[in-house]
Every structure is written in structure tokens, then in C-alpha cells.
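**Student:** One structure, as C-alpha cells, below. Some questions next.
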Amino acid sequence: MAHRTADRPAPAGRPPADFPAALLPYLDVPDLADLTADQAAGRTCVWGGHPIPLAAAVDLGEEIRDGVAAFPQSCGRCIAERAFNALAAHSIDCEPCHGEDWKNCPTGGGLYRLHRDAGRLARGKCR
């Protein structure tokens, strides 16, 4: 059985400062069993697999499975892309988001802000 920790702010200087854990299912974070040791430890991006410096890593929350903790992280480019794609898919069936009024939707607004904030971190290629 796996679970992710509740919302918690990222350490100082780690962008984006925080985002709701409720957005994680929309981002299609890979299963812990599918991650390499470096991805599970947060040394490489869970999607692109390339090393990410601590200052540019986006914390995806601690995951615990069978008593083993993992600390997956993403680079800004990959999480910005995932948030954009999730917002596009979400907005199809969400009236406020479909009408570009995402400020009235916690999911749409959260994905929009995550895309915007993480996009500022997108430097270089991860994949």
C-alpha cells in the first residue's frame, strides 16, 4: 500500500514553493515500483530521468510503500509540461476551466499556477 504525505511547504528556495498534493493524481506520477533508485531518491527527474540540482528540483512528496520511503522529484520543464497537459485534459469537462475561468476551479487554478511557476524553472532539456 502506498501513500503520499499531506501538503507541506517545500524547503526555502525550492520552487515552486508549494502546490496541493491533490494535484498529484492529475500529473500521472510514475508508480514507485517503476522508478530507478536515483528517481526514487530524488536525484533524477521521475519523468525525464536526468539529474536535477537540488535548487531546481520540484518536490513531489514523500511516498511510503511497504515501509520504504521514496522522495520523488521533478525538473521544472517536466512538471510544467505535465501540469499543462493535465489542465488541457481537465478543462474539457470542467465548465469554469473550459470557459478559461480557472480561477473558480481549485484543480484548474492549481494546475495553471503549477504550470506557470514550474515553467520559470525550465532550463535545458531533461529528456
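**Student:** Regarding region 45-93, what whole-number volume in Å³ per residue does the convex hull of its Cα atoms give?
**Tutor:** 95 Å³
**Student:** Separation between the residue 71 and residue 31 pseudo-spin-labels, each 7 Å from Cα along Cα→Cβ, expressed in nm?
**Tutor:** With each label placed 7 Å out from Cα toward Cβ, I get 2.5 nm.
**Student:** With a 1.4 Å probe and every protein chain kept in, tell me what percent of the accessible surface of region 49-114 is carbon plus sulfur.
**Tutor:** Ligands and nucleic acids excluded, carbon and sulfur give 56 percent.
**Student:** Per residue, how big is the convex hull of region 25-127 when only Cα atoms are used? Give it in Å³.
**Tutor:** For region 25-127, the hull spanned by Cα atoms encloses 103 Å³ per residue.
**Student:** What dipole magnitude, in Debye to the nearest 20, does region 26-127 give about its Cα centre under +1 on Lys/Arg Cβ and -1 on Asp/Glu Cβ?
**Tutor:** 580 debye
The values are calculated or read from the model by the stated rules, or taken from the named source; none is laboratory data. Computed from a prediction, not measured in an experiment: that's the story for all the values here. In this analysis, Cβ positions are derived from the backbone assuming ideal geometry, glycine residues included, and neighbour counts consider all displayed protein chains. Ligands, DNA and RNA are excluded from the accessible area calculation, which covers all protein heavy atoms including side chains. Shrake-Rupley method; radii C 1.70, N 1.55, O 1.52, S 1.80 Å.
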